[in-house]
1. Residues that are more than 23 Å from residue A:354 (Cβ to Cβ), within 11 Å of another protein chain (Cβ to nearest Cβ) and among the aliphatic types (A, V, I, L, M): does the range A:378-385 have at least one?
2. Which members of the range A:1-55 meet the condition of being more than 16 Å from residue A:114 (Cβ to Cβ), part of a helix (DSSP H, G or I) and not aliphatic (A, V, I, L, M)?
3. Is there a residue being hydrophobic (A, V, I, L, M, F, W, C), surrounded by 23 or more Cβ atoms within 10 Å (Cβ to Cβ) and touching a residue at least 24 places away in the same chain (Cβ under 8 Å) anywhere in the range B:190-197?
4. Please specify each residue of the range A:424-460 satisfying the condition of being among the polar types (S, T, N, Q) and within 12 Å of chain B (Cβ to nearest Cβ).
5. Taking the stated definitions as given, is residue A:93 aliphatic (A, V, I, L, M), part of a helix (DSSP H, G or I) and within 26 Å of residue A:254 (Cβ to Cβ)?
6. Which of the helices (runs of 4 or more DSSP H) found entirely inside the range B:104-209 contain at least 3 residues meeting this: over 19 Å from the mean Cα position of the chain (by Cα), facing another protein chain (nearest Cβ under 10 Å) and under 30 Å from residue B:35 (Cα atoms)?
7. What are the pairs, 6+ residues apart or on separate chains, where a residue within the range B:47-75 that is within 14 Å of another protein chain (Cβ to nearest Cβ) has its Cβ under 9 Å from a residue that is surrounded by fewer than 16 Cβ atoms within 10 Å (Cβ to Cβ) and assigned to a loop (DSSP other than H, G, I, E, B)?
8. Mind listing just one residue for me: the one in the range A:394-404 that is more than 10 Å from every other protein chain (Cβ to nearest Cβ) and of a type outside the set (Phe, Trp, Tyr) and, of those, surrounded by the fewest Cβ atoms within 10 Å (Cβ to Cβ)?
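The values are calculated or read from the model by the stated rules, or taken from the named source; none is laboratory data. Note that the structure is a prediction, hence the values are computed from the model and not measured. Glycine also receives a Cβ, built like all others from the backbone with ideal geometry; neighbour counts cover every protein chain displayed.
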Amino acid sequence: MMSGARMVHDLTLLSPELLALFTAAIALACEMLRRPRLALAITVLGLLLAAGLTGPLLLGKDTSVFMGTFRVDALGIWAKLVLLPTTALVAVLAYPEVRGTDREGTVYSLLAFTTLGALVLAAAGDVMFLVLGVLLSSLGSFALVAYPRDVRATEAAMKYFVFGSVSSAVMIFGLTYWFGATGSTLLSSLRVLGDVPLAAVAGLIAVLVGLGYKAAVVPFHFWAPDAYDGAPLAIAAYLSIVPKVGAIFALAQVARNLPAEAVNWRLLLAVLAVASMTYGNLAALVQTNLVRLMAYSSIAQVGYFLLGVVAVGASPLAVQSLVVFAAAYAAMNLGAFAVVARFGRDLEGWAGLGRSAPWTGLAMVIFLLSLVGVPPLGGFFGKLLLFGAAIDSGYAWLAVVAILNSVLSLGVYLRMIVPMYRQPKAAPAAARPLVFVGSVALAFTVAIGIGLQLVVSGLQ
Amino acid sequence: MFPLVTITLFLPLGGALLLLIWRSATPRAAHAVGVLASALTLVGAAGMWLRGAGAGFSQVEQLPWIPSLGVAYRVGVDGISLPLVGLTALLFAASLVFSIRMTERARSYVSLFLLLETACLGVFLSLDLVLFYVFWEVTLVAMYFIIAGWGHADRQRAALMFFIYTLLGSLPLLLAILALYLGSEPHTFDVRALVATPPLTGVAASLAFLGLLVAFAVKMPLFPLHTWLPDAHTEAPTAGSVVLAGVLLKLGTYGLVRLALQMTPDAYHRAAPVVAGFAVFSALYGAFAALGQSDLKRLVAYTSVNHMGYVALGVTAAAAARGAERALALDGAVLQMVSHGIVTGSLFLLVGALEDRAHTREMGAFSGLLRATPAMGWLFVLAAFASLGLPGLAHFPAEFQIFLGTFGVWPAAAAISVAGIAVTAGLYLRAIQRVFFGKLPDRWKLLPDLDARELWAIVPLSALTVAVGVAPAWVLDVIHRAAEAIGR
């Protein structure tokens, strides 16, 4: 049993998560009191404060709490540092969209709850936490997608829900094999799986189904375009970042302990990475609805993410690359969605907007070039490290495929850039929250490279 | 020490940012900022020239950036990069002076040119491969927007082709850079360390070299990766063509020397005969393709393929040769980069000036222009003679050394590529004869000659063409010290 002092110590290390939970609860209480703006303010402040509480953890050594089930390591800490502020910005982005609707405050509260699920995933040291994280982040997401309660949103949420429950069920079922073979739910006990390859494979497939669904990895991605398109735009932005990063980090936590001699999981993940990048980019090439385009683009981006997971345990660059790419991806994707929120979902409506709204246009060009991986933007440094990690762990061919996909993705993003600089026409006015979110995202997209040392120095 | 290199490098970017913020700038004011920023950069480059460069890297300025990954802000020059820095500063100043009458979205136009100038200077000055790659890619983005925004009729397609082609080319470069980084011990992106001890051996070195070769062959361009060039040139605005041919192509050949030759020397040595084959074919192909053009701008564009083929041949001969021939071929190749920048820059400016007046570039449409526009005519004749390699003008000392250096290694390759000179001589003489000699038709009688703005842009380049041709020593000495050091 745990001693009292140990308990206090553990809870201190968990204070950011606890604060996020507390924030969600208070925001909900504000909604009950019909004070939605207060709910927004508390959500933003609470999440930022939680991120602030995470800062000091960077100085400590890697450790874990609750007997190894929940990890306080680079992945867990950086997930908090990236996802908590991202969620705060998403709440601001959602404000103009949901303002004045019934139950407005629940959106903010659900955002905080769902983010908690992603944080649990990213720091999981135990399969029970994997399950908890997937369920926690899924339940909130279903409700967020269905929020507008129109036909599209309901259909989107329904698809998302059915897909989600089946995936979660498969995941829980498959994880019982790991439990059966190791006699423990701890990820750190997975190393004994070397002797029981069949159980290792069954559990791995289950984990890939569950986390692959959360991260929208091909072939578990089918829900994503519909769900993004049916949901409010800010929620689409949210789904494309927060649960995705949480799931990828969770996969990296599993990869740290899974013995490669039991099952060649690196190769399996490499194949999934290739499938995701290639399919996502090809499908994005033919979209005219920009939310669907961004959905496919985020399926492609998760493919690059997987390069970092492939390298876990084989290259010291792996964790650095995952963290840097997560931070860059959060900034550039959120920024791109903020611009879509201003310019509209229809590609045809974008003609000339870059000339009539030059700053927004320039910002969009920067976000999209960063998604391609053009230096000196954030996305480039993320990809540089991801490619480096892949080459370092003997997967040079995967880096080559990823690079070819980057060229392909240029075609995707130029389809948005080129019409912006046609003959000008009046641009829709920008709501102030959009400008704010866009500016913050822009600042991070541009500046991540300059301050990269701050991120990687603690990750040696 | 006074950070002259850094200031020179970021001066144009400062101008660009100023224009970005100064939203009410009139076209006149925008051009004033552009000309001033590029002139100051030229002064800075002149200052760097006066400080000089020895055998190794000098004027180094550095700041820590990402020490955990061995990345730092490191800039400096050696005898290979210093002349190219001067060339870049000169051509950008000339281009911006030439474009001061462009009024269409002048603010964006000038800022993009200034951004491009910083990026080009950055590629030559970087002593860190991450920094190098950052600048390398920014040149691509800036050039894309210049062609797409201010080009001629079919600009969107040409710009897209340029972008995709060169991005496809620059990604193998990224892989090769990562391979060099991961091969070095301790891991570093420092150019000086990687040059001092080439990190890779065997198959890894060959693969890295292949990546570098593809990347630089697209940029140069070398046959068969040249197909983006004619369209990009013909669709780009005049100043864009000047910069594209004068500076951007040099990024490829510079990379071939700095990265391929210096960081994967053994792999380059092994592959040299094959690369030389491509270089010779490329030189001949460029010459014959230029012979088939009736559009003056396309003609000049194709002669670039020819001249860059000679540069590639010179560098490759240096990779294959040992001893004195090595330095000889490398001297020639680097001087050829400078000469080509000056000469082709003035040719594109002259063709642009002609097109601004006549609204056509078809050779067949002109005749006897020397009577109507003598200044333009004689300057064109001078540049054309330089381009075909006439002794006493800029290309001669360069090509002479390239052929001499190559002759020691592959006599046949040298002999075949000299034939290219005969073809270029023929095509230039034909162009001069058609356009400037003969009877002046009535429709061109009132064609105005070059005005002050155009003379200010072109005459300095023409003067340098003669200066480098008559007394190449003042440039060659700088190049030679570095080339000799590489030769060992």
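1. Taking the range A:378-385 and keeping what is more than 23 Å from residue A:354 (Cβ to Cβ), we get A:381-385.
Adding the requirement that they be within 11 Å of another protein chain (Cβ to nearest Cβ) leaves A:381, A:383-385.
Now drop any that are not among the aliphatic types (A, V, I, L, M), which leaves A:384-385.
Taking every residue of the range A:378-385 in turn, at least one turns out to be more than 23 Å from residue A:354 (Cβ to Cβ), within 11 Å of another protein chain (Cβ to nearest Cβ) and among the aliphatic types (A, V, I, L, M).
2. A:4, A:6, A:9, A:10, A:12, A:15, A:30, A:36, A:37, A:52, A:54, A:55 - these are the residues of the range A:1-55 that are more than 16 Å from residue A:114 (Cβ to Cβ), part of a helix (DSSP H, G or I) and not aliphatic (A, V, I, L, M).
3. Quick first cut of the range B:190-197, residues hydrophobic (A, V, I, L, M, F, W, C) only: B:191, B:193-196.
Then keep just the ones that are surrounded by 23 or more Cβ atoms within 10 Å (Cβ to Cβ); that gives B:191, B:194.
Those still in the list that are touching a residue at least 24 places away in the same chain (Cβ under 8 Å) too: B:191, B:194.
Checked the range B:190-197: at least one residue is hydrophobic (A, V, I, L, M, F, W, C), surrounded by 23 or more Cβ atoms within 10 Å (Cβ to Cβ) and touching a residue at least 24 places away in the same chain (Cβ under 8 Å).
4. Of the residues in the range A:424-460, the ones among the polar types (S, T, N, Q) are A:439, A:445, A:453, A:457, A:460.
A:453, A:457, A:460, listed by residue number.
5. Criteria not met by residue A:93.
6. Details: elements: B:106-125, B:129-150, B:155-183, B:191-196.
Once the helices (runs of 4 or more DSSP H) in the range B:104-209 are filtered for at least 3 residues that are over 19 Å from the mean Cα position of the chain (by Cα), facing another protein chain (nearest Cβ under 10 Å) and under 30 Å from residue B:35 (Cα atoms), what remains is B:129-150.
7. These pairs meet every condition: B:65/A:450; B:68/A:460; B:70/B:186.
8. Here is the first cut: in the range A:394-404, the ones more than 10 Å from every other protein chain (Cβ to nearest Cβ) are A:394-395, A:397-398, A:401.
Cutting the leftovers down to of a type outside the set (Phe, Trp, Tyr) gives us A:394, A:398, A:401.
Numbers: A:394: 13, A:398: 27, A:401: 19.
Of everything passing the filter in the range A:394-404, A:394 is surrounded by the fewest Cβ atoms within 10 Å (Cβ to Cβ).
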